[in-house]
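Shown next, in structure tokens, is the structure this report addresses.
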Amino acid sequence: MKLFFDTEFTGLRKDTTLISIGIVSEDERRFYAEFTDYNQKQCNDWIRENVIKHLYAHFPKRDIFDYKTRSVTAWGDKTHVKVMLIDWLNQFDEIQFVSDVCHYDFVLLIDLFGCAFDLPQNVNPACHDINQDIARHYGISEREAFDKSREEIVAELCGDPVIGRKHNALYDAEVIRAIHKEICHD
């Protein structure tokens with residue numbers, strides 16, 4: 001099962017901390033978590049304006065399980081989110097994570113578990129990066145693909161827009177899923 005994911009974090013630095021994580025499976029099961037223990041001192045004005053403001057303001061500050069859709073919304077510190085995520089991941093036999101320019105996202109996901117050796121057994125320890133698929137699809141360099149607006153790609157290729165706010169981890173995961181569905185035929 002492919003799981004499309006994105007993280008939001010406190011900045012492009014070695015000691016960055018997770019603010020939120022959003023994951024959407026191929027069959028639309030979702031996991032979303034906001035962390036309570038991120039380092040607020042690391043947040044610059046851009047992070048506050050473009051990430052923190054896009055956290056769910058209506059979020060009830062408690063975990064929500066939707067048994068019908070097998071989706072989870074969690075809120076808590078890194079230890080709590082890890083437990084919730086492991087439980088949610090257990091519903092899948094084999095997992096291939098897919099992200100967009102995933103070098104920070106996947107490292108932070110692995111760090112949530114401890115290290116790569118601590119990943120659940122059903123998780124592939126390598127992440128698929130959709131930026132390469134975008135470059136191949138458009139016949140452009142990976143650098144040009146990096147600079148291409150994901151929202152413009154969705155508008156061009158997908159019949160339906162993705163509803164939400166850019167820089168919210170769950171919305172960004174939905175965008176990654178929508179693009180992958182249109183340009184990757186595997």
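The values are calculated or read from the model by the stated rules, or taken from the named source; none is laboratory data. On a predicted model such as this, the values are computed, not experimentally measured, just so you know. Here the Cβ is made from the backbone with ideal geometry for all residues, glycine too, and neighbour counts use every protein chain on show. For accessibility, only protein heavy atoms count, side chains too; no ligands or nucleic acids. Shrake-Rupley method; radii C 1.70, N 1.55, O 1.52, S 1.80 Å.
Considering only residues in segment 16-45 that are among the basic types (Lys, Arg) and within 20 Å of His128 (Cα to Cα), the one that is most open to solvent (accessible area, probe 1.4 Å) turns out to be Arg30.
Would you say Lys53 is exposed (fewer than 14 other Cβ atoms within 10 Å of the Cβ) and of a type in the set (D, E, K, R)? Judged against the criteria, Lys53 is a match.
When the test is whether a residue is surrounded by 15 or more Cβ atoms within 10 Å (Cβ to Cβ) and not β-branched (Val, Ile, Thr), Ala126 does not pass it.
Among the residues of segment 133-143, those that are loosely packed, with under 13 Cβ neighbours inside 10 Å and not basic (Lys, Arg) comprise Gly139, Ser141. The set of residues in segment 161-174 that are farther than 16 Å from Ser20 by Cα and in contact (Cβ under 8 Å) with a residue 12 or more places away in the chain contains only Val162.
Among the residues of segment 90-105, those that are open to solvent by 20 Å² or more (accessible area, probe 1.4 Å), not in a strand (DSSP E or B) and not β-branched (Val, Ile, Thr) comprise Asn90, Gln91, Asp93, Glu94, Asp100, His103, Tyr104. So is Tyr32 touching a residue at least 60 places away in the same chain (Cβ under 8 Å), under 16 Å from the mean Cα position of the chain (by Cα) and in a loop (DSSP other than H, G, I, E, B) or not? When the stated conditions are applied, Tyr32 does not pass them. For segment 3-15, residues that are open to solvent by 10 Å² or more (accessible area, probe 1.4 Å), at pLDDT 95 or above and outside any strand (DSSP E or B) total 0.
A single entry from Ile95, Ile110, Ile86 fulfils the requirement of being more than 28 Å from Glu151 (Cα to Cα) and at pLDDT 95 or above: Ile86. Within segment 120-144, residues that are without any contact (Cβ under 8 Å) to a residue 12 or more places away in the chain reach partners that are open to solvent by 50 Å² or more (accessible area, probe 1.4 Å) and basic (Lys, Arg) with beta carbons closer than 9 Å, at six or more positions or on different chains, in the pairs Ala135/Arg143; Ala135/Lys148; Tyr138/Lys148; Ile140/Lys148.
One residue is enough: does segment 87-97 have a residue meeting the conditions over 23 Å from Phe35 (Cβ atoms) and over 17 Å from the mean Cα position of the chain (by Cα)? Within segment 87-97, one or more residues are over 23 Å from Phe35 (Cβ atoms) and over 17 Å from the mean Cα position of the chain (by Cα).
Residue count for segment 147-159 under the criterion of being closer than 12 Å to Lys181 by Cα and either in contact (Cβ under 8 Å) with a residue 60 or more places away in the chain or part of a loop (DSSP other than H, G, I, E, B) (or both): the result is 2.
Scanning segment 106-122 for residues that are open to solvent by less than 50 Å² (accessible area, probe 1.4 Å) and under 15 Å from the mean Cα position of the chain (by Cα) yields Phe106, Leu108, Leu109, Ile110, Leu112. Of all residues in segment 60-89, those being assigned to a loop (DSSP other than H, G, I, E, B), in contact (Cβ under 8 Å) with a residue 40 or more places away in the chain and under 17 Å from Ile19 (Cβ atoms) number 1.
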